[in-house]
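The values are calculated or read from the model by the stated rules, or taken from the named source; none is laboratory data. These numbers come from a predicted model, not from an experiment. Neighbour counts run over all protein chains shown; Cβ positions are idealised from the backbone, glycine included. Side chains included, ligands, DNA and RNA excluded: accessible areas come from the protein's heavy atoms. Shrake-Rupley method; radii C 1.70, N 1.55, O 1.52, S 1.80 Å.
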Amino acid sequence: MILALDIFEPYGFQFFRNGLVVATIAGALCGLLGVFVILRGMSYIGHGLSHAVFGGAAASAVMKVNYFLGAGIWGIVSGLLIARVARRRVIGADAAIGVVTTASFALGLALMNRYGQASKSIEAVLFGSVLGVKVVDIYAVASVALLGLAVVVLGYRKLLFSTFDRDVAQVSNVRVSLVEAVLLAMISLTILVTMRVIGTLLISALLVIPAASARMTTNSFSRMLWISPIIGAVTCFVGMNLSYHLDTSASATIILLDAFVFVVVYAIAGTRNRAKMSSLGHL
Amino acid sequence: MRQSILSDNESPLIACEHVSCTYGNSPVLHDVYLNINRREFVGIVGPSGSGKTTLLKAIIGSQPVAHGSITVQPELTIGYVPQIETVDWYFPVTVEEVIVMTRTKTKWWPRITIQERTAVREVLEKLGIADVAQRHIRELSGGQQQRVFLARAMFCQPDILVLDEPTAGVDVRTRHEILHLLADLHAEGLTILLTTHDLNGLAAHLPRLVCFNKTILADGSPREVLTSKVLEATYGAPMEVLEHGGMPIVIDHGRVAMRGEGK
Ligand SMILES: Nc1ncnc2c1ncn2[C@@H]1O[C@H](COP(=O)(O)OP(=O)(O)OP(=O)(O)O)[C@@H](O)[C@H]1O
Ligand SMILES: [Mg+2]
């Protein structure tokens, strides 16, 4: 009885309920887009964009501009810059991301040092915080999640085709650069609406780990698109609750839980493969 | 060097004129003239790194052309079969998904419809691999992998098939089967353009052969093209050409030493 009460204790707080809803939807959303992030080898872009958005978040905090507006515009501009610089093959996408996003991140840090009074909210963006979550955050993350779902369902085959075989998709009249721009925009939006809960430094993990775990459970693309958001949502939900009781940071707890799931799935997949291999060997 | 082709009052399906391509600053294709006419069956041979893949990609339009022009007949549907090493075999897709994804216009819910499933089955049956539809692409033999991508190209009912090394990494029997398959498709009216490293097993059997190394060095029937002079210019190594049953047989330098044992 006491234990049960204990479990439900955090639900008495408005901020926790809001944070829980935002985190769970964020987990599902990151899991969904994460499938494309890992299959396209874009994890570094997720990492980079979150750092770029941090610059925008810091700037908007200093200039007292609305966070979504300031950081959003900043994120889109960084995304376009990355795409632009990366098109020059000599430099390469990874270096382009490195240049654009670390510069943006450094600017955010400099602003934070110079205008110390805003550092509170900047820190919240860096590490994430459940305390500041408002109802507007729920609306924001829910709309982006619906948009993401719509994009994935309606563009399913184009997304799959251009991810699997870019060249052939292009000559089969798939507008590959449009597909890529839409994906990049969705990832930026996702980072934007989830960053205040998960934080700049750990958001890219949420884009990668659930999808990587999902990949190891299945060889089917469509099934991966189900499994990855479920892992993301469940780990965020459980992680939020755990973090309250353990008095640890929400984002750190969530990511550790995701990493734990990954290790378990990895171990199981490894044994299963070995079993398959050795049974083949005896034929 | 312009090739002489059978006079045909229809304009070519694909016409490359004075085509050059570069990666960064290094030139890969140089001054390529090549016409592909309807119902032709053309093979391109040349050493590794000679730019065969680049030429095919320029033709299908995924490699930008630095100079010159490639004219493709309007409304032409090209079925492209990539070099099998360039495919990501760890990608989580089944054979059926690989083939169906090319049909990008769907209802709002992107499920594979019964009609699509039947169409996939028909194509796979035609290529003799009907039983692999539900397998993951990594769980296939080299010949099956090759045919899956051929099936994908066939699925959109192309006017021309462009294949990059369709017999790489398969055994003699599979190579035979693929060659016969392509010959049947050609007989049904399909135009085919392919590249190959297999001079004796594949290239010598084609009606038209192009020797290629950054540019076109010879173009004609295998009898015209497979000569020691042309091959040395193409491969940069001395090669001997024998005749066996009216067919040219190329013996490369490495194999000359063993000639006494075999034929
Ligand atoms: N994406 C790329 N960037 C830079 N150079 C490239 C790229 N792709 C190919 N090359 C270079 O262009 C040249 C031609 O390559 P290509 O793949 O067209 O040759 P190929 O004739 O198809 O060779 P193979 O028979 O080995 O398939 C090679 O020297 C290769 O190193
Ligand atoms: Mg090649």
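For the range B:86-203, the fraction of 1.4 Å probe accessible surface lying on carbon and sulfur atoms is 52 percent. Of the complete DSSP H runs in chain A, those spanning 27 angstrom or more by Cα along the long axis with a mean Kyte-Doolittle score not below 0.5 are A:14-39, A:43-62, A:67-87, A:93-114, A:135-154, A:176-198, A:200-217, A:221-246, A:250-281. Restricting the calculation to alpha carbons of the protein assembly as shown gives Rg and Dmax of 28.4, 94 angstrom. Whole-Hz Karplus values for the range B:200-205 come out as 7, x, 10, 4, 5, 8 Hz, taken residue by residue from phi with 6.51 cos²θ - 1.76 cosθ + 1.60 and θ = phi - 60°; glycine and proline positions read x. Applying both filters, DSSP loop and at most 16 other Cβ atoms within 10 Å, to the chymotrypsin sites (Phe, Trp or Tyr not before Pro) of the range A:7-110 gives A:13.
Legend: Rg and Dmax of the range B:78-158, from Cα coordinates, 12.0, 35 Å. When both bridge partners sit in chain B, DSSP labels roughly 55% of those beta bridges antiparallel.
Take the Cα of residue A:185, go 7 Å toward its beta carbon, and the backbone nitrogen atoms of the range A:46-79 under 15 Å from that spot belong to A:72-79.
Summing Lys and Arg as +1 and Asp and Glu as -1 over all other residues whose Cβ lies under 12 Å from the Cβ of residue B:107 gives a net charge of +3. When you restrict to C-alpha pairs under 8 Å that are six or more residues apart and normalise by the size of the range A:103-219, the relative contact order lands at 38 percent. Length available on full extension from residue A:90 to residue A:73: 0.36 nm per residue minus the Cα-Cα distance, which gives 3.4 nm. Beta bridges from DSSP with both residues in the protein assembly as shown: antiparallel share about 55 percent, rounded to the nearest 5.
Computed over the range A:4-270, the alpha-carbon pair-distance distribution with 5 angstrom bins reads 1, 6, 13, 17, 18, 17, 13, 8, 4, 2, 1, 0, 0, each value a whole percent.
3J(HN,Hα) along the range B:122-134, derived from phi through the Karplus expression 6.51 cos²θ - 1.76 cosθ + 1.60 where θ = phi - 60°, amounts to 4, 4, 5, 4, 4, 8, x, 10, 4, 7, 9, 3, 8 Hz, with x in place of Gly and Pro.
Note on the range A:169-283: along the principal axes its Cα atoms extend 55, 50, 20 Å, ordered by decreasing extent.
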